[in-house]
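Step one of this worksheet: look at the structure below.
The values are calculated or read from the model by the stated rules, or taken from the named source; none is laboratory data. Just so it is clear, the structure is predicted and the values come from calculations on it, not from any experiment. Backbone-built Cβ (ideal geometry, glycine too); neighbour counts: all protein chains shown.
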Amino acid sequence: MKRVIDEIKEILTQKLGLADSEVTPQAHFMRDLGVDSLDYVELMMEFENAFNIKISEAESAMLKTVEQAAEFIESKLDSQDIKNWAA
């Protein structure tokens, strides 16, 4: 999961101009990192592109922290690996 968190941190620092030290696993996107609703939608699209996954609106609404996003993305990636292996 460290790779996923590192990639999320990279996206957040580049897109929002945050310092690396501000982006901790426990950081809340809106409360701690100052992400507004438009930024949030754009971040979800960045995550989709970076990890080649799909995130529904319902799924994105549950992702409040960096760690939650990383765990979710990791589970999506694991699911894709299983589907690719089974194909």
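Output the residue which, of all residues in the range 69-85 that are over 19 Å from Lys9 (Cα atoms) and not polar (S, T, N, Q), is modelled with the highest pLDDT.
Going through the qualifying residues, I end up with Asp78.
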Item to check | The lone exception for Thr13 - which of (1) in a helix (DSSP H, G or I); (2) closer than 19 Å to Glu71 by Cβ it fails | outcome: (2)
Checklist entry - So Val66 fits all but one of (1) of a type outside the set (Asp, Glu); (2) farther than 20 Å from Thr13 by Cβ; (3) at pLDDT 95 or above; (4) surrounded by 10 or more Cβ atoms within 10 Å (Cβ to Cβ); what number is the exception? => result (2)
Checklist outcome for this item: In the range 47-57, anything charged (D, E, K, R) and assigned to a loop (DSSP other than H, G, I, E, B) is listed as Lys54
Checklist entry - Any residue at all in the range 24-46 that is under 12 Å from the mean Cα position of the chain (by Cα), in a helix (DSSP H, G or I) and of a type in the set (S, T, N, Q)? => result no
